[in-house]
1. How many residues, within region 201-236, are acidic (Asp, Glu) and more than 16 Å from residue 58 (Cα to Cα)?
2. Looking at the structure I just gave you, is residue 257 in contact with a helix residue (DSSP H, G or I) (Cβ under 9 Å, 6 or more places away or on another chain) and either modelled with pLDDT of 95 or more or open to solvent by 10 Å² or more (accessible area, probe 1.4 Å) (or both)?
3. Just need a number here: residues in region 251-270 that are over 21 Å from the mean Cα position of the chain (by Cα) and closer than 18 Å to residue 112 by Cβ.
4. Is it the case that region 77-84 has a residue that's modelled with pLDDT of 95 or more, part of a strand (DSSP E or B) and open to solvent by 50 Å² or more (accessible area, probe 1.4 Å)?
5. Could you check how many residues of region 260-276 are open to solvent by 50 Å² or more (accessible area, probe 1.4 Å) and small (Gly, Ala, Ser)?
6. Scan region 96-112 for residues that are open to solvent by 70 Å² or more (accessible area, probe 1.4 Å) and either farther than 22 Å from residue 50 by Cβ or acidic (Asp, Glu) (or both) and jot them down.
7. Grab the helices (runs of 4 or more DSSP H) fully contained in region 250-328, keeping just those with 3 or more residues being of a type in the set (A, V, I, L, M, F, W, C) and farther than 21 Å from residue 108 by Cα.
8. Would you mind stating whether residue 115 is under 30 Å from residue 231 (Cα atoms), open to solvent by 10 Å² or more (accessible area, probe 1.4 Å) and not in a strand (DSSP E or B)?
Amino acid sequence: MARTTRTARNTGSAALAAAAALALTALTGCGAADMTRQASPYADAKGSRTVTLSVQSWVGAQANVAVAQYLLEHELGYRVDTVQIDEVPAWDALSQGRVDAILEDWGHPEQEKRYIDDKATIERGGDLGVTGHIGWFVPTYFAEEHPDVTDWKNLDKYAAEFRTAESGGKGQLLDGSPSYVTNDKALVKNLDLDYQVVFAGSEAAQITQIRQFAKEKKPFLSYWYKPQWLFEKVPMTEVELPAYEEGCDADPRKVACAYPHTPLQKFLNARFASGGGDAAAFLKKFRWTTEMQNDVALMIAEEKLTPREAAARWAKQNEATWRAWLPS
């Protein structure tokens, strides 16, 4: 979901992010690899019964890949390789054929123009069936005590209460990974808010911090997004930013509006889309609901099932849904 430079972190935060990263590696399961410098030998292999899927770092994206992988392997007889890669590099890898498919994209118009419209190396794979939304959230227990905090114009009134050791005397706006889609630095600047964007380093590290704040009933302001299973554990209320209008975020430096509601999309390597056989047909038909994604994500993140175990449980309980995705 970002395109900003990683900020320097203090030793404690770096350790937290490192620990969360280790946990995240465990969540992705065996077969996942860092594609920043490495290509999978299985992607774009002609005549091969192998598929390589890009898996992003947030658990909802892991849920998509887990279920797709399980069904490709158990119902269609494919070998599935998964590679962990950030959002923008994933587009480069997809174009080059180093991965075959991205199953959850939150909107990258520059990459769409370059690789779909201009180079024709990537094709659209259809809706995932889930609508994503990024926003700023405060804990509901704080919003109930201070209802006016849900209007962005009143945020400075509470800046002192959101201040942390990392925010340099300003209120803290907690973000996750710098690799996610975020307009937050521009929003803080253009709305003239007395806040500092602080990156936790990853979704897992951000969740850890949010849950610690909630445990201590402390106020916090955080970049967060739907769908996400954490809302079931830590109720949060969205802060109303200036209304989103088409084009208001066209210039990243001048953004002063809310994030849109985005139907999440799938994308396939163009050669794979036309020559990937049953696997490509299956991935184009793969479409589920927010509730289904959250069910699997919750199994992985809260129940500590491996992605493969979570996918197997979900598949057993939802055969009527996934049968419709199989090629006829």
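The values are calculated or read from the model by the stated rules, or taken from the named source; none is laboratory data. On a predicted model such as this, the values are computed, not experimentally measured, just so you know. Quick reminder, even Gly has a Cβ in these numbers, built from the backbone with ideal geometry, and neighbours come from all protein chains shown. With ligands, DNA and RNA removed, areas are computed over all heavy atoms of the protein, side chains included. Shrake-Rupley method; radii C 1.70, N 1.55, O 1.52, S 1.80 Å.
1. 2
2. Against the criterion (in contact with a helix residue (DSSP H, G or I) (Cβ under 9 Å, 6 or more places away or on another chain) and either modelled with pLDDT of 95 or more or open to solvent by 10 Å² or more (accessible area, probe 1.4 Å) (or both)), residue 257 qualifies.
3. Total satisfying the criteria: 2.
4. Yes.
5. The qualifying residues number 2.
6. Hits for region 96-112 are 109, 110.
7. 277-285, 290-301, 307-317
8. In short, no.
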